[in-house]
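Here is the structure we will look at, set down as structure tokens.
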Amino acid sequence: MAMKVNGIESEEDLKRAQAAAQAAGSGIPNYGDWAKVLQDLKMAGVDSTGSYEGDKALREEIAREIEQFMEEAQEEQIAQDNQKNEGIQNATENDKEQQIKANLANATSSMIMADYMKYYHLMS
């Protein structure tokens, strides 16, 4: 016969209740799962509700919130990466334009210098 308990606030309370139930020839349903739930709540810094159903629902709510936080963080990271990529693309386009302008200026100045040297030799 399983014993249903409430008012469990910690793993120690659960262990004492399980020991008392075993001494009476029964046990606490979902003892192992409840112990794990209490460990998870303790790790999250959250107080127990005192019942298995409440603690399990609380753990599921915390898990959903963590999942939602992770999704939002991932979306933000993707947005930041996209913004960085746009900046790199704009810089690359500007660099290409500057290189074209520099090549044109170099070609023009080389042509002017070649013409100058040609005329200088013709005049001398």
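Observations
- Angle between the chain longest axis and helix 31-44 axis [Cα atoms, degrees, rounded to 10]: 40
- Taking Cα centre as origin and charging only the Cβ of basic (Lys, Arg, +1) and acidic (Asp, Glu, -1) residues, the dipole magnitude of segment 17-124 rounds to 580 debye.
- Degrees separating the helix 52-123 axis from the principal Cα axis of the chain, which is the longest one: 10
- In degrees, nearest ten, helix 11-23 long axis to first principal axis of the chain (Cα): 30
- Short-range pairs are left out: with C-alpha atoms under 8 Å and at least six residues apart, the relative contact order of segment 11-90 is 19 percent.
No value in this document is a laboratory result; all are computed from the given coordinates. Please read these numbers as outputs of a predicted model, since none were measured by experiment. Note: ideal-geometry Cβ built from the backbone for every residue, glycine included; neighbour counts use all protein chains shown.
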